[in-house]
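These notes are about the structure you will find just below.
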Amino acid sequence: MALADTSFLLLVFQLCAFSWQAWALVDLRMEDTVEVYTYESAEIPCLYSFTENPSMVMVQWFVRGPGGNRVRISYSDLTMQKVDVNTSYSDRISVRSNNNGEFLTIQDIKLSDEREFFCQVSGLAAGNGEGKTLLKVFDAPENPVIEGVLSGVYVSSDSPSKIASCETRDGFPKPNITWYRDHTPLYPAIGLVNVVTLVTREYSGLYTVQSDLHYKVTKEDKDAHFSCEVSYFVPGAVETSKSTGINITVFYPTTSVELRRESPEGLVKEGDTVEIRCQGDGNPPATITFNREQSDVELVSDQGVLILKEVSRSDSGMYECHALNMDAPDHEEVGESIKLTVHYLDPAAVVPKDSEIMLRGESLTATCNALSSLETSTVWFKDGVEVERGHVLELHDATFDTAGQYDCEVTVPLLPGLQTSGLVHIIVQGGPQMKDAERDIELTEKVGGWVNLTCEVRGHPKPAITWSISGSQSWLEVVKRETEDLVYSVVMLKVSTDTLAICNSTNDFGFETKTYNIRSIPFSQTPTARKTSVDNSGVIIVVIIVSILLLAILGSVFYFLYKKGKLPCGRSGKQEITKEKTNKDDIVVEMKANKTEESVLLKGINGDKKPPNDQSTALSS
């Protein structure tokens with residue numbers, strides 16, 4: 001009943017308004033559109049003003065229904081404010097008003113809320129008006145997902161091939177997809193680019209968009225990255241979301257090959273293992289075969305790698321590789337070649353070979369050479385010490401020290417791993433060369449003493465040593481050492497009389513002697529001059545005997561002084577000394593062959609004055 005009354009009053013007010021419309025006006029303002037995300041709240045303002053003050057204002061809100069008809073959802077006047085029941089907005093809208101107009105608030109926005117909302121204002125005689133606002137609803141889609149084709153794409157295809165697919169889900173309004181190659185957008189082009197788009201409206205009202213890119217690939221696309229970008233509307237703007245980039249597999253024929261030696265680095269020498277790699281620029285990789293130039297025999301290789309083990313100089317030459325294009329017209333074949341040089345160093349050749357005999361004083365030229373593919377360097381050594389640089393060794397004025405083994409070492413400076421060596425053994429022949437043979441050696445030795453006599457001789461062939469000794473029957477060779485060109489002999493000889501000892505050395509080239517003159521000394525005679533090479537035992541015995549005699553004489557002197565009372569002993573028996581004190585340095589002891597011990601002692605005790613030169617102890621030995 002109340003609703004009928006309200007309708008009747010509205011009808012009356014409208015009729016009255018029409019009659020007063022000619023002179024009364026209302027200014028009503030509404031926004032054309034209001035944009036909002038789903039599940040948020042939207043507020044639609046309806047602002048109005050009258051040229052005359054109305055006695056009553058009525059405001060009604062309508063929404064356009066699915067069939068195009070209007071459905072009222074709210075009503076207000078001076079007496080009431082109410083929301084119509086049994087509409088889809090009955091529990092989701094509210095209206096507030098002020099002096100400027102009314103504001104319709106819609107909660108929990110849904111996709112179905114995208115429609116027109118109408119506001120009718122009536123001030124009876126003061127005028128009436130109507131306005132509308134389109135509510136636009138937005139829902140951002142998910143990020144795009146891109147997938148490339150799993151199989152490769154051939155450049156030989158006549159038409160664009162599908163290379164990738166891009167999908168974005170649950171967006172509103174419908175999002176758009178744009179394709180990119182690297183950073184350049186791709187647009188449909190006949191025979192080059194074709195984009196197939198499928199749009200699906202989900203039960204929820206959201207859109208899912210799938211786009212397939214068909215593209216005429218070229219060889220350059222093997223390194224390109226393809227991506228898709230989704231653009232969609234949001235309140236007051238347009239936003240984008242880009243996928244990750246993908247690289248597609250492009251199949252293209254081999255047009256050239258690269259042939260290179262991977263190992264060893266630098267120059268190749270005999271004994272090295274050589275690795276040669278051949279790689280084509282096609283995809284999938286073409287079948288690679290190897291052969292030597294001017295030979296149809298295929299070499300064994302593995303995945304484009306040829307391995308030559310322990311190469312020799314015979315492996316030098318040109319090597320070819322070939323790539324067979326199965327996808328190319330007529331199975332076209334491309335190839336490349338590389339030159340392999342195997343460097344070598346032959347064993348050293350030494351002249352003279354093995355050994356050479358020289359005479360003392362002669363000269364010799366020896367050479368050491370080795371055939372090589374590169375420049376060589378030669379060094380000569382003797383006993384580990386460098387003696388010459390160069391392949392020629394000059395030996396001048398040979399001596400026995402010249403003899404020995406000479407080693408030559410040949411190297412290749414550009415290839416340190418290449419080296420060889422050789423040797424020559426030099427033998428120097430000559431007559432005996434005796435140490436200290438330029439002078440006779442004179443020795444003196446007491447009778448009964450022993451002396452050692454040495455004889456050292458060098459020569460080649462090895463000299464023979466014999467001793468000739470006259471004047472002594474007691475001698476013995478105690479040392480005998482021999483090397484290739486040296487003999488060393490030591491004899492021990494007992495002196496019984498003057499002796500002449502001769503060391504004789506001889507070989508095929510001559511002889512040489514060394515003479516020892518040994519003068520014997522009787523046991524009681526002290527030699528004034530003596531030469532010996534080994535035995536000094538006689539001198540030591542004489543020194544010991546003299547020392548014992550000196551001790552005996554000093555003992556006798558002290559005993560004589562004690563008997564005469566010249567030396568006080570004990571604490572009693574003090575003596576008064578009237579003469580000058582005798583200094584111990586005044587005692588002089590002399591040893592003479594014609595003086596007796598007693599006369600020597602008396603002279604020292606009486607304290608006879610002597611010249612200063614006699615105030616010392618004279619010892620003769």
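Tabulated results
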quantity	calculated
Residue in segment 234-255 that is closer than 30 Å to residue 171 by Cα, in contact (Cβ under 8 Å) with a residue 40 or more places away in the chain, among the β-branched types (Val, Ile, Thr) and surrounded by fewer than 16 Cβ atoms within 10 Å (Cβ to Cβ) present	yes
Residue 392 modelled with pLDDT of 95 or more, over 24 Å from residue 428 (Cβ atoms) and either outside the structural domain of residue 509 (by TED's automatic domain parsing) or out of contact with any Cys (no Cβ under 8 Å at 6 or more places or on another chain) (or both)	no
Which numbered condition residue 363 fails, given (1) more than 28 Å from residue 276 (Cα to Cα); (2) surrounded by fewer than 16 Cβ atoms within 10 Å (Cβ to Cβ); (3) in contact with a Ser or Thr (Cβ under 6 Å, 6 or more places away or on another chain)	(3)
Hits in segment 283-322 - residues which are outside any strand (DSSP E or B), under 21 Å from residue 254 (Cα atoms), touching a strand residue (DSSP E or B) at 6+ places or on another chain (Cβ under 6 Å) and not hydrophobic (A, V, I, L, M, F, W, C)	301, 304
Among residues of segment 272-282, those that are assigned to a loop (DSSP other than H, G, I, E, B) and in contact (Cβ under 8 Å) with a residue 40 or more places away in the chain, counted	2
Filter pass, residue 18 being at pLDDT 85 or above and either touching a strand residue (DSSP E or B) at 6+ places or on another chain (Cβ under 8 Å) or outside the structural domain of residue 170 (by TED's automatic domain parsing) (or both)	no
Residue 133, sole failed condition from (1) free of Cβ contacts under 8 Å to residues at least 40 places away in the same chain; (2) closer than 26 Å to residue 236 by Cα	(1)
Meets criteria (at pLDDT 75 or above, touching a helix residue (DSSP H, G or I) at 6+ places or on another chain (Cβ under 6 Å) and surrounded by 12 or more Cβ atoms within 10 Å (Cβ to Cβ)) for residue 498	no
Residue within segment 374-384 that is closer than 29 Å to residue 486 by Cα, of a type in the set (Asp, Glu) and surrounded by 13 or more Cβ atoms within 10 Å (Cβ to Cβ) present	no
Residue satisfying condition, being touching a residue at least 12 places away in the same chain (Cβ under 8 Å), within 30 Å of residue 507 (Cα to Cα) and outside the structural domain of residue 221 (by TED's automatic domain parsing), within set 353, 309, 269, 339	353
Selection status of residue 316, within 26 Å of residue 371 (Cβ to Cβ), polar (S, T, N, Q), over 32 Å from the mean Cα position of the chain (by Cα) and surrounded by 12 or more Cβ atoms within 10 Å (Cβ to Cβ)	yes
Odd one out for residue 203, checked against (1) more than 28 Å from residue 283 (Cα to Cα); (2) among the aromatic types (Phe, Trp, Tyr); (3) modelled with pLDDT of 95 or more	(3)
Cross-chain or 6+ apart pairs with Cβ under 7 Å, segment 365-390 first and among the aliphatic types (A, V, I, L, M), then in a loop (DSSP other than H, G, I, E, B)	366/352; 370/346; 370/347; 370/348; 370/376; 371/346; 374/414
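The values are calculated or read from the model by the stated rules, or taken from the named source; none is laboratory data. Everything quoted here is computed from the prediction, not taken from an experiment. Cβ: placed from backbone, ideal geometry, glycine included. Neighbour counts: every protein chain shown.
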